[in-house]
Amino acid sequence: MTTKSETGALEKYVGRPFLSVNERVWKRLPKSAAATAPYHAYGTFLHSLVCQYSDRNQYHGTFFLRNRPELQLLSKLGAEKAKAGALEIAVLGCSNGAEVYSIVWTIRKEHPDLKISVYAADISPDILEIAKRGVYSLKANDLMDSAIFERLSEEEMQAMFDVQDGRVTVKPWIREGIDFQIADAGDPKLVDRVGQYQIVVANRFLCHMAPPDAERCLRNLASLVEPGGYLFVSGVDLDVRARVALDLKWVVAPEAMEEIHEGDPSVRGDWPWRWWGLEPFTRTRRDWGIRYASVFRIGSADVPALQL
């Protein structure tokens, strides 16, 4: 039986030096290597070691309009799921608000007659206060940096914000109908407090949890989706997501699956060297149809169980 001290020594003298050498070599590989099976297999092995030796923690860095294919599909499905012209969305782990405002802006831009209400929650009071105010700085600070705007065009900046004296404020028509609240996404009583929603978004925070904790949280979040509604869940260990989806018989929403998986260059570029890094989409895996899905229809009796 390996003791804690022996595990620490193994990590210090074998694990991290091994990864350091491999990272230097990896970055020198030709781009053509990325399409090969050995590249993917060895990268998966390296990523498993990175996850093993990493102390995961929550991270608030994000971007406006971070994954455009994801936002487009959310807008489309939201319009389809709306009842009497009204759509209710929950966004868990909303961080500084960039994702919430991106969602609302995208939907209202494409469906201006749709009434949207959003429950947006995060466990951090400090970051939630930033989200609630909807006021950002073009300069970096301790909780965020100015990179949150780097994926926006000048036209999009003007459409979404009022900019004055280095302060960037989300326009009032985008902020309307959003209820920011402190909440723990893993709280088993959360559904009793906030109810169910047509669409639930739980993106890019489960990967910062240890896999057992992320799995418990993901199972809990599924209860917030009303029968026949959709769960958007990117930024989670793929093994965890696939295992829960199969066990709970979620139905994959196949539209734009590959585009969404590849739609966030920051996490794709960080694989395999960061625990949040996302492996390339590959159809050579037998389980690719469930492994790379990030949008699911949940709990509807008129939809067949997941077929692979």
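The values are calculated or read from the model by the stated rules, or taken from the named source; none is laboratory data. Keep in mind it's a predicted model, so treat the numbers as computed, not measured. Heads up, the Cβs are rebuilt from the backbone with ideal geometry, glycines too, and the neighbour counts pull from every protein chain shown.
The criterion of at least 1 residues that are closer than 21 Å to L231 by Cβ and of a type in the set (D, E, K, R) is met by the following helices (runs of 4 or more DSSP H) wholly inside the range 48-149: 68-81, 98-110. When each of A256, A214 is tested for being touching a Leu at 6+ places or on another chain (Cβ under 6 Å), of a type in the set (A, V, I, L, M, F, W, C) and surrounded by fewer than 19 Cβ atoms within 10 Å (Cβ to Cβ), the lone residue that passes is A256.
For the range 219-251, a tally of residues being closer than 22 Å to A82 by Cβ and either in a loop (DSSP other than H, G, I, E, B) or within 17 Å of the chain's Cα centre (by Cα) (or both) returns 10.
Residue-by-condition table, conditions (1) over 21 Å from A131 (Cα atoms); (2) small (G, A, S); (3) touching a Leu at 6+ places or on another chain (Cβ under 7 Å):
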site	(1), (2), (3)
R167	no, no, no
V170	no, no, no
E176	no, no, no
F180	no, no, yes
G186	no, yes, no
N203	no, no, no
M209	yes, no, no
V240	yes, no, yes
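Does S234 satisfy being modelled with pLDDT under 95 and of a type in the set (S, T, N, Q)? So S234 does not fit the description; no. For the range 268-301, give me each residue that is surrounded by fewer than 21 Cβ atoms within 10 Å (Cβ to Cβ), touching a Phe, Trp or Tyr at 6+ places or on another chain (Cβ under 7 Å) and under 28 Å from F18 (Cβ atoms). Within the range 268-301, D270, G277, E279, F281, T282 meet the criteria. When W250 is tested against (1) buried (at least 21 other Cβ atoms within 10 Å of the Cβ); (2) under 23 Å from Q58 (Cβ atoms), only condition (2) is not met. Scanning the range 155-172 turns up no residue that is of a type outside the set (A, V, I, L, M), under 20 Å from V118 (Cβ atoms), in a strand (DSSP E or B) and in contact (Cβ under 8 Å) with a residue 40 or more places away in the chain.
Limited to the range 47-79, what total is found for residues that are modelled with pLDDT under 95 and either of a type in the set (D, E, K, R) or closer than 20 Å to A253 by Cβ (or both)?
2
Of all residues in the range 27-41, those that are surrounded by 11 or more Cβ atoms within 10 Å (Cβ to Cβ) have Cβ atoms under 9 Å from Cβ atoms of residues that are aliphatic (A, V, I, L, M), 6 or more apart or on another chain, in Y39/L29; Y39/A33; H40/A34.
Quick one: how many residues across the range 225-239 are surrounded by fewer than 22 Cβ atoms within 10 Å (Cβ to Cβ) and among the aliphatic types (A, V, I, L, M)? Adding up the residues that qualify gives 1.
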